[in-house]
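Visitor: Provided herewith is a single structure, encoded as structure tokens, for subsequent inquiry.
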Amino acid sequence: MNNKFLAELSLLFVAFIWGSTFVVVQNAIDLLPPLLFNAIRFFLAGVIIFIVYLFKNKGKVKFQLSTLFPGMILGCCLFIGYALQTIGLLYTTPSKAGFITGLSVVMVPIISYICFKNKPKRSAIFGSSLAAIGLYLLAVKGASPFSVGEIYVLICTFGFAFHIIFTDIFARRISVLTLTTIQIFTVAFLCTLSSLLFEDWKLILNPETYHSTSLITAIMITAILGTAAAFFIQTSSQKSTSPTRVAIILTMEPVFAAITSYIWIDERLTLLASIGCIFILIGMVIAELPNNLKLKIFMKKTNKKSAF
């Protein structure tokens, strides 16, 4: 099993984690304001990652200014993504939030080309286009216009797209643990500051808040699996694959969100949504096929036609 295949399989697991936590997060923000919930989630995740960091470095802190700045940039991107996504979940359904978040698959190659002149391969463009069509079919559940929540989630995709792009740049030259630790604590700080300014943060001091088993479960799942483990895996895996491939693999997140929403809250997929899932899978397969294999397939088809 080569590093590239293992990295992309790990990213698929990350997509599963993130997709399955949409329902969990929506239940949690019924009890805590969104920014306050994210502050707790990311602070706890940061502590976990920092403990692992200290263990690996034998208790020594080796942060430098050259690693601090990239980690903070990634943290700002994540803050934009998660803050707006969680606020959006107050006004829309988990599956629809997952579908719209997945639109970052389209934005990654476009932003990479506009900002960094990284021209994507034709296979990646075609795969991304199919995935985008699939995401559109998944998101359309009637002719109703976007709600406020869906607009928040749509804007959050820019944060996630830039996070994928910058992770590809920084993860190749900076320690994965260092980068993950800094970005997670940056999100925790920004969410805490925003909650102090805009939310009723005093709810955290109320002991009755923590009597909810669902809230405690949500914090633990999202902090340990959805944040600490997921971002360590993503940052590490991006050393072995391209940002466009990462984006395409992560389009499975809304598929997993739809499945878990159906299982937990009986949110059913329409026929169009099911077709959308198929388009996403086809887009992933096409984007993952090696260029020489696609050329061989094309040549075989051409030869068969010329034989007649």
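Visitor: Over segment 1-146, what is the mean sequence separation of C-alpha contacts under 8 Å (at least six apart), divided by residue count, expressed as relative contact order in percent? Mind showing how you got there, number by number?
Guide: Details: 54 pairs, mean separation 36.6, N = 146.
Value for segment 1-146: 25 percent.
Visitor: Listing 191, 76, 115 from the residue with the fewest other Cβ atoms within 10 Å to the one with the most, what is the order? Provide the component values of the computation, followed by the final result.
Guide: Numbers: 191 26, 76 18, 115 10.
With the sparsest Cβ surroundings first, the list reads 115, 76, 191.
Visitor: Scan (1) 33, 61, 6; (2) 33, 56, 10, 1; (3) 36, 58, 5 for the value of P(r) over Cα pairs in 20 Å bins from 0, in percent calculated from this model and give just the label.
Guide: (2)
Visitor: Kindly write out, for segment 16-26 in residue order, the coupling ³J(HN,Hα) from the Karplus curve 6.51 cos²θ - 1.76 cosθ + 1.60 (θ = phi - 60°), rounded to whole Hz, with x marking Gly and Pro.
Guide: 5, 4, 5, x, 7, 9, 4, 5, 4, 5, 4
Visitor: Rounded to two decimal places and with Rh computed the Kirkwood way over Cα pairs, what is Rg over Rh for segment 151-227?
Guide: Working: Rg = 15.8 Å, Rh = 15.2 Å.
Expressed as Rg/Rh, it is 1.04.
Visitor: I've got another one for you. Given the convex hull over the Cα atoms of segment 1-140, what projected area results after averaging over all orientations, in nm²?
Guide: 11.4 nm²
Visitor: Sort the following peptides by mean Cβ neighbour count (other Cβ atoms within 10 Å, averaged over residues), highest first: 150-162, 86-98.
Guide: Ranking the peptides 150-162, 86-98 by packing returns 86-98, 150-162.
Visitor: Please tell me the relative contact order of the chain in percent, rounded to the nearest whole number, where contacts are Cα pairs under 8 Å and at least six residues apart.
Guide: Numbers: 461 pairs, mean separation 121.9, N = 308.
Reported as a whole number, the value is 40 percent.
Visitor: For a quick check: sort 148, 176 by the number of other beta carbons within 10 angstrom, fewest at the front. Show your work: numbers first, answer last.
Guide: Values: 148 12, 176 19.
By the 10 Å Cβ count, ascending: 148, 176.
Visitor: Ok, one more. Can you put 25, 52 in order, fewest other beta carbons within 10 Å first? Don't jump to the answer; show the numbers that get you there.
Guide: Details: 25 24, 52 15.
Fewest-to-most ranking of 25, 52: 52, 25.
Visitor: So for the pair residue 51, residue 90, with labels modelled 7 Å out along Cα→Cβ, what separation do we get in nm?
Guide: In this crude spin-label approximation the distance works out to 3.2 nm.
Every read-out reported here was derived from the displayed coordinates using simple, explicitly stated rules and does not represent laboratory data. Here the structure is a predicted model, which is why all the values come from computation and not from measurement. Cβ: placed from backbone, ideal geometry, glycine included. Neighbour counts: every protein chain shown.
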